[in-house]
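The values are calculated or read from the model by the stated rules, or taken from the named source; none is laboratory data. Because the structure is predicted, anything quoted here is derived from the model rather than measured. Positions of Cβ are backbone-derived with ideal geometry, glycine not excepted, and every protein chain shown enters the neighbour counts. We work out accessible area using only protein heavy atoms, side chains counted, and drop any ligands, DNA or RNA first. Shrake-Rupley method; radii C 1.70, N 1.55, O 1.52, S 1.80 Å.
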Amino acid sequence: MLHIANSIAEVLLPIAYVLLAYMYGVSFFSTDAVSSRLKSPLLLLTSVLHFLYVGLHTAEYNRCMVTTPFEIMSLIAFTITLTYLIIERRTGESGTGFFLLSLAAVFELTSSVVMKLSSGSDVNPVLSNMAIGTHVTLAVFGYAGFALSAMHAVMFLLMYRELKRGSFGSAYRNLPSLEGLEHMTVLSSLVGFVFLSASVVVGAIWLPRLFTDFSWTDPKLLSTGIVWVLYAALLLAHYAVRIDGHRIVKLSLWGFGAIVLSLTVVNVFLSDFHRFL
């Protein structure tokens, strides 16, 4: 029964994502009343369906969805969708939905197709451990939230530049205001920060127990600490110091740049025990 439910969800989920991206696209590029009315309920439905799918997959295989890059892609799609759902509910803005949810749809479609084709692939035994799986899952959620923050920051800077030039194009007219994009940047950062903080806590508890070569001075741990500090500074600057939006979005991009370095150069060439994939 569990396998059947999981298989049904695997079929329905990509369809829901394609339809979701289509609805938001039609609403963004036209004034279609039907898509404008149905897109938000479909967003909630897709988020719930993906949540159930993650639970079903975890229950069927008794491990988190982090054992292959394509399982992680599905988690990234889920995080993008869930974070955007929070942003839309908090701000009432839906102008960036088409771009973000189209990206989520690409991730989920790729994940679904490749996972079907490579269902018999070997599983990393380290990632089969539920504690490690939870640690990595939370980190994926955090980094995906930060990626959304960076995307909103880029939109902010592009619109800011066009406004300064006095050549505000039609492509920007359906996007939120600069204040709205700043708010979305901060909310995405907050979601990412909460998940990364939870990942750090789980890692601090379980990694020393599971790895004999664990070291608190591992470059991956240090780079993650730098990322955490950068986004803590961003949130502090916004909520306590109240610095202007232009500096906030630049902090977001600096933080995401640190993430890219952490996931590439540090993870591949410098980290010792902290390599899972």
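If the condition is being assigned to a loop (DSSP other than H, G, I, E, B) and farther than 16 Å from His3 by Cα, then the range 65-79 contributes Val66, Thr67, Thr68.
The residue pairs whose first member lies in the range 61-82 and is closer than 9 Å to Ser111 by Cα, whose second member is open to solvent by less than 10 Å² (accessible area, probe 1.4 Å) and assigned to a loop (DSSP other than H, G, I, E, B), and whose beta carbons are closer than 6 Å, counting only pairs six or more residues apart or on different chains, are Glu71/Met65; Ile72/Val66.
Taking the criterion of being open to solvent by 40 Å² or more (accessible area, probe 1.4 Å) and either aliphatic (A, V, I, L, M) or in contact with a Lys or Arg (Cβ under 8 Å, 6 or more places away or on another chain) (or both), the residues of the range 30-48 that qualify are Ala33, Val34, Leu38, Leu44, Leu45, Val48.
Of all residues in the range 70-92, none satisfies the criterion of being closer than 16 Å to Leu138 by Cβ, open to solvent by 40 Å² or more (accessible area, probe 1.4 Å) and among the small types (Gly, Ala, Ser).
Applying the criterion of at least 2 residues that are in contact (Cβ under 8 Å) with a residue 60 or more places away in the chain and open to solvent by 60 Å² or more (accessible area, probe 1.4 Å) to the helices (runs of 4 or more DSSP H) found wholly in the range 172-267 leaves 178-210, 245-261. Among the residues of the range 9-55, those identified as in a helix (DSSP H, G or I) and of a type in the set (Gly, Ala, Ser) are Ala9, Ala16, Ala21, Gly25, Ser27, Ala33, Ser35, Ser36, Ser40, Ser47, Gly55. Scanning the range 7-56 for residues that are under 24 Å from the mean Cα position of the chain (by Cα) and over 19 Å from Ala105 (Cα atoms) turns up Gly55, Leu56.
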